[in-house]
Amino acid sequence: MNILENAKNHFRDKLSGDLQSVEVPEWGTDGTPAKLYFKPAINFQSQEKIIKLSEEGKKAEAVVQALIERALNDDGQRIFRQVNRLELMKSVDPEVVARVVSEMSGDEYSIDDIEKN
């Protein structure tokens with residue numbers, strides 16, 4: 001096996017690992033917090049969408065894009081789609097979105113990193 005195959009296998013293992021979760025009390029029902037799931041890593045293609053928006057000065061859109069890219073249900077399917085971006089931007093508490101994205105991102109990138117670009 002060569003180094004590229006080892007690198008691909010490593011990332012595939014990382015992506016196929018257990019889903020992590022974050023609780024969002026503000027989005028729950030009947031006193032039970034909503035639970036959003038996410039993978040511990042995302043690929044460059046997903047990261048590029050976020051970074052591009054940030055570099056264009058669209059920092060809020062970059063944070064929302066991060067939520068779209070990362071938020072999954074308990075079956076590992078995306079909760080939000082691109083068509084939800086405008087609605088998320090206009091109708092959802094930005095502080096909650098920023099907190100959730102920050103918790104999902106861990107060491108990958110932070111809201112501060114996005115805002116610096």
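The values are calculated or read from the model by the stated rules, or taken from the named source; none is laboratory data. All of these numbers come straight from a predicted model, not from anything done at the bench. Backbone-built Cβ (ideal geometry, glycine too); neighbour counts: all protein chains shown. Side chains are part of the model used for accessible areas, which takes the heavy atoms of the whole protein and leaves out ligands, DNA and RNA. Shrake-Rupley method; radii C 1.70, N 1.55, O 1.52, S 1.80 Å.
For segment 30-47, does any single residue satisfy the condition of being in contact with a strand residue (DSSP E or B) (Cβ under 9 Å, 6 or more places away or on another chain), of a type in the set (Lys, Arg) and either in a loop (DSSP other than H, G, I, E, B) or modelled with pLDDT under 95 (or both)?
There is at least one residue in segment 30-47 that is in contact with a strand residue (DSSP E or B) (Cβ under 9 Å, 6 or more places away or on another chain), of a type in the set (Lys, Arg) and either in a loop (DSSP other than H, G, I, E, B) or modelled with pLDDT under 95 (or both).
Within segment 72-89, work out how many residues are buried (at least 16 other Cβ atoms within 10 Å of the Cβ) and part of a loop (DSSP other than H, G, I, E, B).
Final tally of qualifying residues: 1.
Within segment 13-29, which residues are farther than 14 Å from Gly106 by Cβ, at pLDDT 95 or above and in contact with a Lys or Arg (Cβ under 8 Å, 6 or more places away or on another chain)?
Residues satisfying the conditions are Glu23, Val24.
Can Ser105 be described as at pLDDT below 95 and open to solvent by less than 10 Å² (accessible area, probe 1.4 Å)?
yes
All but one of (1) closer than 20 Å to Glu95 by Cβ; (2) part of a loop (DSSP other than H, G, I, E, B); (3) of a type in the set (Asp, Glu) hold for Glu69, so report the exception by its number.
Failed condition: (2).
Would you confirm, using the coordinates I've provided, whether Lys14 is in a helix (DSSP H, G or I), farther than 13 Å from Val101 by Cβ and not β-branched (Val, Ile, Thr)?
yes
Identify all residues within segment 1-53 that are hydroxyl-bearing (Ser, Thr, Tyr) and surrounded by fewer than 11 Cβ atoms within 10 Å (Cβ to Cβ); write none if there are none.
Hits for segment 1-53 are Ser16, Thr29, Thr32.
For segment 54-63, name all the residues that are under 14 Å from Ala98 (Cβ atoms) and open to solvent by 10 Å² or more (accessible area, probe 1.4 Å).
Once the filter is applied, which keeps residues that are under 14 Å from Ala98 (Cβ atoms) and open to solvent by 10 Å² or more (accessible area, probe 1.4 Å), segment 54-63 yields Lys59, Ala60, Glu61, Val63.
List every residue pair whose Cβ atoms sit under 6 Å apart, with the two residues 6 or more apart in sequence or on different chains, where the first one lies in segment 30-43 and is in contact (Cβ under 8 Å) with a residue 12 or more places away in the chain and the second, anywhere, is of a type in the set (A, V, I, L, M, F, W, C) and assigned to a loop (DSSP other than H, G, I, E, B).
Listed pairs, sorted by first residue: Leu36/Ala71; Tyr37/Leu19.
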